[in-house]
Amino acid sequence: MTSKQSHRKDEHVSLAEKFYQQDTQNGFDGVRIIHESLPELALSDVATQTQIGSFHLPYPVMIEAMTGGSPQTGRLNDQLSRLAKATGLPMAVGSQSVAIREPELSATFSIARQNNATGIMIANMGGNHSLAAAKAAIDMIQANALQIHINAAQETVMPEGDRDFHWLSNINQLTTNLDVPVIVKEVGFGMTAETVTKLIETGVKAVDISGRGGTDFAKIENFRRPNKDMAYLADWGLTTVESLLEMRQLSTRPVIIASGGIKTPLDAIKALILGADCVGMAGEVLHHLVQTDLPSTTQWLQDWLAQFKQLMLLVGAQRIADLQRVPVVFDSTLVSYADQRGIQ
Ligand code: FNR
């Protein structure tokens, strides 16, 4: 017998894959890197490693929060954590609130830590949970950090979703009292400078702007509604690129993770040029796992990372920090967005 929450986890996975689109417009098409014909570097000169806070990463890339909470999604966390171990990338598990309520489901999350004893593992839960619940989520996977997701748009369309979005003071409680770093993340709707400023003022030091352009939870939750009557909210939110432009407005810069529609190494390079410290992929990784198997997905991700390094060479970036100096131009839609939002 699976609970309603547990069943929802399975539906999210199957619907994310159902709505997956290879050639979706993810917003990165509006950013063009200016080609330089003389990089004056060799691949052996290029270093992909980066340090974020106290974490050393082999690439500025992570596997994003997706799942756990049902037998099927426990198997996915099993595979995702093996993928994380094989590539050395950090990995977040999906929302653990289901396992706080139903502790017998904890194993569908803790399997990730069992498989990857020394990797960077990130816990995940919503913005309304207590300090005790957050500590339990961290303990469940011996997490190195906690993601707090803020997902008002998703909850709005979710038939059984929350209807109370008072999160800031609770986020302050969690950020102030936990021993591990806290990352506040969206789930594919993007963040404005105003949102991130409020988070910074409440003590948050890292955000995952998770923008529109990939997995669309307005679409997924609408499909779960009996009448499917909120289809009009599909495509709600800011793209990942727009969210990154928003971050230029900030006077205090947090750690910025960019997820939402990252599919190719070129998307990742563009996100880092636009100011992200790290990128995250959810739907794209899930798609490969669901369509193929773990060995093929591991090979795909290793090839992806090798190509990422080649693109660093192509744009003349010897170190990750050099990417922020690579020139780009924006299409007229993005220029108009920046103008109207007063972004320089
Ligand atoms: C997610 N995402 C997510 N995020 C989160 O903070 N907690 C969660 O439990 C989940 N669950 C979840 C399930 C599935 C099946 C997917 C595909 C995604 C959101 C995810 O971390 C990310 O923010 C968005 O999916 C945008 O990234 P992509 O998918 O476009 O790469």
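Bear in mind that the values in this text are calculations on the coordinates, not laboratory data. Every value quoted in this text rests on a predicted model; they were computed, and no experiment measured them. Methodologically, a virtual Cβ is constructed for each residue, glycine included, from the backbone with ideal geometry; neighbour enumeration extends over all protein chains shown.
Restricting to the chain, what percent of DSSP beta bridges are antiparallel, rounded to 5?
Close to 20 percent.
Taking 0.36 nm per residue of separation and subtracting the Cα-Cα distance, what length does fully extending residue 43 through residue 248 add? Could you put the intermediate results ahead of the total?
On the way: separation 205, 0.36 × 205 = 73.80 nm, distance 3.07 nm.
Full extension from residue 43 to residue 248 adds 70.7 nm.
If each DSSP helix of 4+ residues adds -39,500 (n - 2.57) and the sum is divided by the residues in the chain, what number results at 222 nm, nearest 500 deg cm²/dmol?
Values: 14 runs with 143 residues, N = 344.
Calculated at 222 nm, the ellipticity per residue is -12500 deg cm²/dmol.
Note down the magnitude of the dipole of the stretch 183-314 about its Cα centre, charges +1 on Lys and Arg C-beta and -1 on Asp and Glu C-beta and zero elsewhere, to the nearest 20 debye. Walk me through the numbers before you get to the answer.
Numbers: 13 positive and 15 negative charges, 16 e Å.
Here the stretch 183-314 has a charge dipole of around 80 debye.
Could you give the size of the charge dipole of the stretch 59-286 about its Cα centre, using +1 on the Cβ of each K and R and -1 on the Cβ of each D and E, expressed in debye and rounded to the nearest 20?
In debye, rounded to 20, the stretch 59-286 gives about 380.
Tell me the relative contact order for the chain as a rounded percent, counting alpha carbon contacts under 8 Å between residues six or more apart.
Reported as a whole number, the value is 21 percent.
For the stretch 179-252, report the % of Cα-Cα distances exceeding 20 Å.
Every Cα pair in the stretch 179-252 considered, those over 20 Å come to 39 percent.
Which one, 342, 202, 46, is farthest towards the positive end of the dipole of the chain when Lys and Arg carry +1 and Asp and Glu -1 on their Cβ?
202
Please compare each pair in 9/85; 85/219; 9/185; 4/85; 9/263 to a cut-off of 26 Å on the Cα-Cα distance and tell me which ones are over it.
85/219; 4/85
Compare the Cα positions of 332, 233, 166 along the charge dipole of the chain (+1 at Cβ of Lys, Arg; -1 at Cβ of Asp, Glu; about the Cα centre) and return the one farthest towards the positive end.
Comparing the listed Cα positions along the dipole, 166 ranks first.
Specify the residue with the greatest mean-square fluctuation among 242, 155, 186, computed from a Gaussian network of the chain linking alpha-carbon atoms under 10 Å apart.
155
Which translational diffusion coefficient, to the nearest whole µm²/s, is obtained for the stretch 59-286 from the Stokes-Einstein equation, given a Kirkwood hydrodynamic radius over C-alpha pairs, 10 °C and 1.306 mPa s?
In µm²/s, the coefficient rounds to 91.
Quick check: the angle from helix 294-314's long axis to the longest principal axis of the chain, C-alpha only, nearest 10 degrees?
Computed tilt is about 30 degrees.
With axes computed from alpha carbons, what is the tilt in degrees of helix 71-87 against the longest principal axis of the chain, rounded to the nearest 10 within 0 to 90?
Rounded to the nearest ten degrees, it is 30.
Kindly express, to the nearest 10 degrees and within the range 0 to 90, the angle between helix 131-140's C-alpha long axis and the longest C-alpha principal axis of the chain.
Taking the Cα atoms of the chain, the angle to 131-140 is about 80 degrees.
With unit charges on the beta carbons (Lys and Arg positive, Asp and Glu negative) and the dipole taken about the Cα centre of the chain, which residue among 115, 65, 315 sits farthest to the positive side?
115
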